[in-house]
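Step one of this worksheet: look at the structure below.
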Amino acid sequence: MKQELLKRYDREIDGSYIINTRVNNCSSLFNEFDFSSSLWNRDLREEFVAYLVDCVDEIGTKNKFVLQLSLPKDNKEDGFTEKFSRALTSYFLYLVHISRKSIKKFTNKIIFNFIISISLLIIIFITGRRIENTDSMLYMIFNEGLYIAIWVLMWPVFSDYLFDIKGELNNIKIYKRLLNVKLLIKYY
C-alpha cells in the first residue's frame with residue numbers, strides 16, 4: 001500500500017522523492033494576514049505547511065526527499081532560494097518550539113494528575129487502617145468516591161501520553177526533516 005502512495009511522487013536521479021509545488025507567485029506561500037512583517041519573516045500559509053507535512057509523512061522517515069517550487073518566470077528574484085530556505089527553517093523551528101511547549105504542558109498535567117492520584121491512594125490506605133468500622137455506608141461511599149476520582153485523574157495520564165504526546169513527537173520528527181530540506185526552484 002505504501003509503495004502505491006509513493007508512486008505519485010517524481011524522483012531525483014539519486015532516488016530522492018520530489019515534493020512538487022506550483023504557485024503563481026511566491027507570496028502565495030506565506031500567510032496573507034501577516035501584514036506587519038516583511039515577506040520573508042511571515043508565517044507560512046497553513047495549507048502549504050499541511051501539504052508539506054502530509055507529503056513527508058507519506059514519504060516516511062527512511063526515504064529522502066526534496067522540495068521543488070515551480071514559479072512563473074516573472075517572479076525571478078536574486079537570492080530567492082536562500083531567502084525561502086531561511087523562511088522554511090525559521091518557521092519549522094517555530095513549530096518545533098510550539099510542539100515542545102505542548103509536550104511540556106501535557107507532561108506537567110500528567111505529573112500533577114499522577115501525584116494527586118497517588119495521594120488519594122495513600123488517603124484510602126490510611127483511612128482503611130484507622131477507621132474501625134469499614135462496613136459503614138459513609139466509609140464505603142467515601143472510599144468509592146476516592147477510587148472514582150483516582151480513575152478520572154489517571155485516565156488523562158494514559159490518553160494524553162498515547163494520543164497527544166505521541167502525536168506531538170511525530171510532528172517534531174516531521175518538522176525536523178523539513179528544517180533543512182533541499183530546495184529546488186523551477187521557473188515556467
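For LYS105, list the aspartates and glutamates whose Cα falls under 20 Å from its own Cα; do not include residues on the same chain fewer than 8 positions away.
Filter leaves ASP160, ASP164, GLU168.
In whole angstrom, note down how far apart the Cα centers of segment 16-70 and segment 137-155 are.
50
Using only helices, what value at 222 nm comes out for the chain when you add -39,500 (n - 2.57) per DSSP H run of length 4 or more and divide by the total residues, to the nearest 500 deg cm²/dmol? Before the final figure, lay out each step's value.
On the way: 5 runs with 107 residues, N = 188.
After summing the helix terms and dividing by the residues of the chain, the value is -20000 deg cm²/dmol.
Would you mind checking LYS62/LYS182; LYS7/LYS62; LYS83/LYS166; LYS101/LYS176; LYS7/LYS166; LYS76/LYS176 for any pair whose Cα atoms are more than 24 angstrom apart?
Numbers: LYS62/LYS182 16 Å; LYS7/LYS62 16 Å; LYS83/LYS166 32 Å; LYS101/LYS176 16 Å; LYS7/LYS166 28 Å; LYS76/LYS176 28 Å.
Where the Cα-Cα span goes over 24 Å, the pairs concerned are LYS83/LYS166; LYS7/LYS166; LYS76/LYS176.
Report the far tail of the P(r) of segment 104-172, meaning the percent of Cα-Cα pairs longer than 14 Å. Let's see the in-between values first.
Details: 1506 of 2346 pairs.
Summing the P(r) of segment 104-172 above 14 Å gives 64 percent of all pairs.
For the chain, calculate the relative contact order in percent as a whole number, restricting contacts to Cα pairs under 8 Å that are 6 or more residues apart. Walk me through the intermediate numbers first.
On the way: 186 pairs, mean separation 59.7, N = 188.
Relative contact order for the chain comes out at 32 percent.
Calculate the radius of gyration of the Cα atoms of the chain to one decimal place, then report Dmax, the largest Cα-Cα distance, as a whole number, both in Å.
Both quantities, over Cα of the chain: 25.7, 87 Å.
So how do MET140, MET154 line up by other beta-carbon neighbours within 10 Å, fewest first?
Working: MET140 11, MET154 17.
Lowest count first: MET140, MET154.
Here, each number is a calculation from the coordinates, and none is a lab measurement. Just so we're clear, the structure is a prediction, and the values are computed from it rather than from any experiment. Cβ: placed from backbone, ideal geometry, glycine included. Neighbour counts: every protein chain shown.
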